[in-house]
Amino acid sequence: MTAISDREQLSYIAAQAADARVNVEIETEGMTLNIGPQHPATHGTLRIVAKLDGEQVIAADPIMGYMHRGYEKLAEVRTYPQVTTLINRIDWVGSFANEVPFILAAEKLMDVEAPPRAAWIRTILFEMSRIANISLFLGDMGLQVGAVTPAFFAFRDREHVLNQIEAATGGRFHPNFDRIGGIKDDLPAGWIAETKRAMKKIRSFCDEIEGLLQGNEIFEARCRGIGVIPADVGLSYGLSGANIRASGVDWDTRRDNPCGLVHNELDWKVWTHPDGDSFARFWVRLQEVRESTKMVDQLCDGLPSGPVMAKVPRIIKVPAGEAYVETENPLGVMGYYVVSKGDLTPYRVKIRSASFNNISITPWLLKGVYVPDIVTILGSLYFILGDIDR
Amino acid sequence: MTDVAILGELAYWQQTGIRVGAGLAAVLLVAGTLVYLHLFKLVSFMQSRLGPMEAGPFGSLQLLAEVGKFLQKEDIFPRKADRFVFAAAPFVVLMSTFLLVVVVPGGPDAWFINSELGIYLAMAVSSVSVIGILMAGWGSASKYSLLGGLRATGQLIAYELPLILAVMGVVIQAETMNMQGIVQAQADGEIFGWGGIGNPYILTQFVAFVIFMIAMQAELTQTPFDMPIAESELVTGYMTEYSGMRFLLFFIGEFATAGVFSAIASVLFLGGWWAPIPGLGFDDNVWNLLGPLVLVTKVVVLTFIIFWARFSLPRFREDQLQQLAWKVLIPLALANIVVTALLKIVF
Amino acid sequence: MSRLSSIDTPVEEETEVVESDEAREALLAKIQTELGDAVVGSHLVPGADLWVRVDRSAWATAGAYLKTGVGFEYFNFLSAIDWKPSPFGRDMDAQVDLSLGHDEASEVDMAIEQGVAGGDTRFQVFARVNDIVNGLGVTLKADVPDDDLSIGSWVPVYSGANWHERECWEMYGISFEGHPGLRHIYLPAGFEGNPLRKDYPLLARRLKPWPGIVDVEQMPGDDGPADAVETAEAAE
């Protein structure tokens, strides 16, 4: 007499065998789907080669370089002030934030410190470029899962912030405003009041997005449990920004390593989410925009007086040495490893961009998901192609 | 006295001519109205923009410009496409729209066909578009199109069931499958003895109405059920490879079908071409002119709901929308039939 | 708020500097005891940063120790550097740039001079990992000799090193033993050459001369660009 467990075992084997027979009979050939380089879901020219079984992804391999501009090589033949023009184009929706870590690294090597007012204005513009960047994400995430209207709202309200950036720096997209030793100009008259109004509009935009997307059952069904990144995997892939905070890692360079910026003098909070899925990433970013608007308000209130430029030589020669400075940019941690030999130009600039690391997890993350989820996951990881291809 | 009286005296070919003209008008004019009102203006309002403003007053001639643009475009065939299937697919889709429109009555005598099995015929021919979509998906020789075509097929077949089951409640209550009869049943109906507005079945068959609207949204592959098109992942699904006139045919088909399905829904649930106007009998000849206008008004209201949902909601994933059809809508529709049948016996 | 009275911002960073300094020293000591002779150089800037140069053979072990032994779980980046100055010298600069403050060095100085934490070879691989709990970061370096441009891969330890090593391989020609697939990442599959090496010419500059103008900007309180050169010389 066979024991119950043995019988269960046997019936399990029989069922497996039957399944195997069926599977062999209806076995189908896999299909390779090229998503990109020209594709609406990839924000530019990223290409993902996905091997599919039906609609399920067996393996996905992102291929980039369609927009590689070789900034690391180009930076070697440009003087330090000229480099900011290049690096403005790395993450082109939050350009000002790109300049900050490079300038800070150069300042660190030169042992120059920006005057307080310059540091505060830097922080204001840094946070405003975060708002400009992430509010685009909030609309775009809706677009990726099929809701068209939030994208229009995002473009509408992002305009208020861009207008303020333009008023202060003269450039909507590429401010090129940060200088070694300070910033180019002081703020124009009336700017602070106008900025506070813009922040109010951004906050109401956040509420609108919360109602339109976050509270929507379909949105939740599409995002919850999709693309779960455990904290340890995220760390070993070097994920940063909201992507790692959505996995429950309480780490924000603005708070933990604030070199040069004045975030530590403000009252704010680092938001994390324990789930690690697409919804968590969306949620954390939404809170971050809100937090940024509060920060900008505080910064506007407490703006110190004084000069906006330290005494620096006209022809900037940076003393020999190596420095690495990273800041918490809109897309995640962005750092510049600057090697100087005491020359007009940097000897080597290693650009550590956030999206390159963030997107390197995709081969691991996309395995086994369905085709519609590719879009959700890519959308929620949020990359800007210039930030990958540098 | 009116045109209908004249219609009886016309030769057969003349009557046919009028019918073809009316059919074209019912498809093209309705589609144009919907595109302008909803796609151009309503959506622009929702998204805080103006929409087309240059061509004609408030951009009302924009449609003509668009049609002109599409007609000028090159008719591109992908190199590996199955040329005949690829070329024929848009016509099959549009044909199903034309077949649908013939069952919708516009007045006591303004109808194309007055079949005893009107709604049955409508449900049957609405499935023809699946073949066209599958043809487009297969014939394009593109992976995106194929995925889109297959998704569309699965989805349309799944949602046909709740659609038909929702209709059954109305049919049981009206005791007829004749569309004209369903209109009359609603016009003659009474709400607890009060016959002021007849008895539009949206009141008694509200569950069926909701199911019908949801299933209709899915049949039209509009967001939140637009997985087969899904711009952000499949580009535009089965329409990816189409350009020029053939794309225009798909486009007209999409909006005309939205109009025709809304017309069927308004016949089933809102009293069709009939409206409670005192002093007008059901068979009054005035209805032959007024009826189509009343119907179009109801169509605009129903399509407003469709486009409202389309531009505010995200889309379901393929498996989620299948679950919605099989696990929620179909059991609900079956329950509705049972309850309707029981109440029919009781009252 | 008192911040409005600008410049007298309180400076109380002394204690913090000492603290993090201790932490970094302790970390350096730990790495030295674990890896022994494999640590061939180090550089510590108190309160700022730590560089550790390890032997090539201990590269993979060092990564594994940092991750599992001392909690540096966060992979930041990995790259390489070519210490041999460009043979093209400064001829890629514009004449304006040359005249302003770079006359004496315009001839090519081909001496290899490594940066912090020393070095013996032309190529060095460097990587940075972080301990996010204590807020520490460390930059690891390793020499890679010219005759055998290869080093152990970090992919088994830090999955994120995969793409960085691919980039490093295509930009410098340094291969990583144990990497699951060294393929081109940015450049087309058939590309020849290693663009980030200093002896790889920047074709854009060679085809079309750089218009070149040194950014001389009106500073607040300065008179004009006339004294630009003097200021530059005064700064040196």
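The values are calculated or read from the model by the stated rules, or taken from the named source; none is laboratory data. Keep in mind that what you see is a predicted model, and the values were worked out from it rather than measured. Glycine also receives a Cβ, built like all others from the backbone with ideal geometry; neighbour counts cover every protein chain displayed. Side chains are part of the model used for accessible areas, which takes the heavy atoms of the whole protein and leaves out ligands, DNA and RNA. Shrake-Rupley method; radii C 1.70, N 1.55, O 1.52, S 1.80 Å.
When A:Arg281, A:Arg348 are checked against the criterion of being away from chain C (no Cβ under 12 Å), basic (Lys, Arg) and either under 30 Å from C:Gln124 (Cβ atoms) or surrounded by 20 or more Cβ atoms within 10 Å (Cβ to Cβ) (or both), A:Arg281 stands alone in meeting it.
Per the conditions (1) within 14 Å of chain C (Cβ to nearest Cβ); (2) open to solvent by 10 Å² or more (accessible area, probe 1.4 Å); (3) in contact with a Cys (Cβ under 7 Å, 6 or more places away or on another chain), the sole criterion not satisfied by A:Arg290 is (1).
When residues in the range B:267-320 are screened for being open to solvent by less than 40 Å² (accessible area, probe 1.4 Å), touching a residue at least 40 places away in the same chain (Cβ under 8 Å) and assigned to a loop (DSSP other than H, G, I, E, B), 9 of them pass. Note on the range A:175-251: enclosed helices (runs of 4 or more DSSP H) holding 3 or more residues that are in contact (Cβ under 8 Å) with a residue 12 or more places away in the chain and in contact with a strand residue (DSSP E or B) (Cβ under 8 Å, 6 or more places away or on another chain) are A:242-245. Checking each residue in the range A:246-262 for being farther than 15 Å from A:Thr327 by Cα and more than 9 Å from every other protein chain (Cβ to nearest Cβ) picks out A:Ala246, A:Ser247, A:Gly248. Restricting the search to strands (runs of 3 or more DSSP E) fully inside the range C:112-158 and requiring at least 2 residues that are in contact with a Leu (Cβ under 6 Å, 6 or more places away or on another chain) and crowded, with 18+ Cβ neighbours inside 10 Å gives C:123-131. Scan the range A:199-210 and tell me whether some residue there is open to solvent by less than 10 Å² (accessible area, probe 1.4 Å) and within 13 Å of another protein chain (Cβ to nearest Cβ). Scanning the range A:199-210 turns up at least one residue that is open to solvent by less than 10 Å² (accessible area, probe 1.4 Å) and within 13 Å of another protein chain (Cβ to nearest Cβ). Looking only at residues in the range C:170-186 that are in a loop (DSSP other than H, G, I, E, B) and open to solvent by 30 Å² or more (accessible area, probe 1.4 Å), the one that is farthest from the other protein chains (Cβ to nearest Cβ) is C:Gly178. Please indicate, with yes or no, whether at least one residue in the range B:83-96 is at pLDDT below 85 and surrounded by 14 or more Cβ atoms within 10 Å (Cβ to Cβ). No: zero hits.
Within the range C:155-183, residues that are within 15 Å of C:Ala64 (Cβ to Cβ) sit with their Cβ atoms under 7 Å from residues that are among the aliphatic types (A, V, I, L, M) and part of a loop (DSSP other than H, G, I, E, B), at 6+ positions apart or across chains, in these pairs: C:Ala161/C:Val155; C:Phe176/C:Leu182; C:Gly178/C:Val155.
The one condition from (1) under 20 Å from A:Trp92 (Cα atoms); (2) without any contact (Cβ under 8 Å) to a residue 12 or more places away in the chain; (3) not hydroxyl-bearing (Ser, Thr, Tyr) that A:Asn264 does not meet is (1). Residues of the range A:89-106 that are open to solvent by 10 Å² or more (accessible area, probe 1.4 Å) and farther than 14 Å from A:His174 by Cβ: A:Leu104 alone.
Of the residues making up the range A:227-245, those that are away from chain C (no Cβ under 11 Å) and either small (Gly, Ala, Ser) or open to solvent by 20 Å² or more (accessible area, probe 1.4 Å) (or both) number 5. Against the conditions (1) under 30 Å from A:Gly70 (Cα atoms); (2) at the interface with chain C (Cβ under 7 Å from one of its Cβ atoms); (3) not in a helix (DSSP H, G or I), A:Ser305 satisfies every one except (1).
With respect to being part of a helix (DSSP H, G or I) and either within 18 Å of B:Thr33 (Cα to Cα) or under 23 Å from the mean Cα position of the chain (by Cα) (or both), B:Thr340 falls outside the description.
Among the residues of the range B:69-78, the one identified as open to solvent by less than 50 Å² (accessible area, probe 1.4 Å) and within 25 Å of the chain's Cα centre (by Cα) is B:Phe70. Candidates B:Ala55, B:Ala31, B:Ala22: the one that is surrounded by 14 or more Cβ atoms within 10 Å (Cβ to Cβ) and more than 20 Å from B:Gly259 (Cβ to Cβ) is B:Ala55. If you go through the range B:97-131 and keep only what is assigned to a helix (DSSP H, G or I), over 16 Å from B:Val27 (Cβ atoms) and open to solvent by less than 20 Å² (accessible area, probe 1.4 Å), you end up with B:Gly118, B:Ile119, B:Met123, B:Val130.
Within the range B:51-63, residues that are without any contact (Cβ under 8 Å) to a residue 12 or more places away in the chain sit with their Cβ atoms under 9 Å from residues that are small (Gly, Ala, Ser) and in a loop (DSSP other than H, G, I, E, B), at 6+ positions apart or across chains, in these pairs: B:Leu61/B:Ala55. Among the residues of the range A:47-78, the ones that are facing chain C (nearest Cβ under 10 Å) and surrounded by fewer than 24 Cβ atoms within 10 Å (Cβ to Cβ) come to 15 in all.
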